[in-house]
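Chemist: Handing you this structure, nothing more for now.
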Amino acid sequence: MSKTNRIIRIFLKIIVITSVSLLGLFIIIGIMIHIPAIQKVIIGKAETFYFNKTKAKLEISGIHLNLRGGFSISNIFVPDQINDTILFANSISTGINYIKLLSGEIDLGNVRLDGLTSHL
């Protein structure tokens, strides 16, 4: 076997191993996001971030992500500083572009609101 063939085989093995590893990582992350304990951590961070920005409490009962870009928040309650309801929704669903999200941009698809109550 010539030296160039050997280098090409090694290069292809590296590409295959890297691709399989990345796919496995995405699958593991996708599975972990469906674990209730991980969801609670994510929800806690979102609620804390909102509180630090607005000094008002945010309540979320669940989140759901899928690998195709779907994102859903269940039972979201957004009060103002005196605890009056600004927004309540049974479900808020949208699509999100994960590639643009990695570069710092937020690109949402269609947004669906179920059971929306809003007082502005």
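The values are calculated or read from the model by the stated rules, or taken from the named source; none is laboratory data. Everything numeric in this text was worked out from a predicted model, so none of it was measured. Side chains included, ligands, DNA and RNA excluded: accessible areas come from the protein's heavy atoms. Shrake-Rupley method; radii C 1.70, N 1.55, O 1.52, S 1.80 Å.
Chemist: Residue-wise, which Karplus ³J(HN,Hα) couplings in Hz belong to region 5-17, taking 6.51 cos²θ - 1.76 cosθ + 1.60, θ = phi - 60°, and x for glycine or proline?
Modeler: Values per residue, Gly and Pro as x: 5, 5, 5, 5, 4, 4, 4, 5, 4, 5, 5, 5, 4 Hz.
Chemist: If amide H atoms are built 1.01 Å from N in the plane of the peptide, which residues on other chains or at least 5 residues away come under 5 Å of the amide H of residue 116?
Modeler: It is 90, by chain and number.
Chemist: Among 18, 54, 94, which one shows the biggest mean-square fluctuation in a GNM of the chain, springs joining Cα atoms closer than 10 Å?
Modeler: For the chain, modelled as a Gaussian network with Cα springs under 10 Å, the answer is 18.
Chemist: Leaving ligands, DNA and RNA out of it, report the carbon-plus-sulfur percent of the accessible area of region 2-120 at a 1.4 Å probe.
Modeler: Ligands and nucleic acids excluded, carbon and sulfur reach 67 percent.
Chemist: Roughly how far apart, in whole Å, are the Cα centres of region 1-47 and region 74-90?
Modeler: The two parts, judged by their Cα centres, are 37 Å apart.
Chemist: Convert each backbone phi in region 41-57 into a coupling constant with the Karplus relation 6.51 cos²θ - 1.76 cosθ + 1.60 (shift: θ = phi - 60°), then list the ³J(HN,Hα) values in order as whole Hz, x for Gly and Pro.
Modeler: Values per residue, Gly and Pro as x: 5, 5, 4, x, 5, 5, 5, 5, 4, 5, 5, 5, 7, 10, 6, 10, 7 Hz.
Chemist: Still on this structure, I have one more. With N set to the number of residues, divide the alpha-carbon radius of gyration of region 60-120 by 2.2 N^0.38 Å and report two decimals.
Modeler: Expressed relative to 2.2 N^0.38 Å, the Cα Rg reads 1.27.
Chemist: Starting from the amide H of residue 57, placed 1.01 Å from N in the peptide plane, find each other amide H under 5 Å away whose residue is 5 or more places distant or on another chain.
Modeler: When sequence neighbours closer than 5 places are left aside, there are no close amide H contacts.
Chemist: Spelling out what I want: for every residue of region 105-120, take phi, set θ = phi - 60°, compute 6.51 cos²θ - 1.76 cosθ + 1.60 (Karplus), and round to whole Hz; glycine and proline get x.
Modeler: 9, 10, 10, 9, x, 5, 10, 10, 10, 10, x, 7, 10, 9, 10, 10
Chemist: With equal scatterers on the alpha carbons only and no solvent term, can you work out the Debye log10 of I(q)/I(0) for the chain at 0.20 1/Å?
Modeler: Log10 I(q)/I(0), no solvent term: -1.23.
Chemist: Excluding residues on the same chain fewer than 8 positions from residue 45, give the aspartates and glutamates whose Cα lies under 16 Å from its Cα.
Modeler: Here the aspartates and glutamates satisfying the reach criterion relative to residue 45 are 59.
Chemist: Summing -39500 (n - 2.57) over the DSSP H runs of n ≥ 4 in the chain and dividing by its residue number, what mean residue ellipticity at 222 nm do you reach, to the nearest 500 deg cm²/dmol?
Modeler: Mean residue ellipticity at 222 nm (helix-derived): -15500 deg cm²/dmol.
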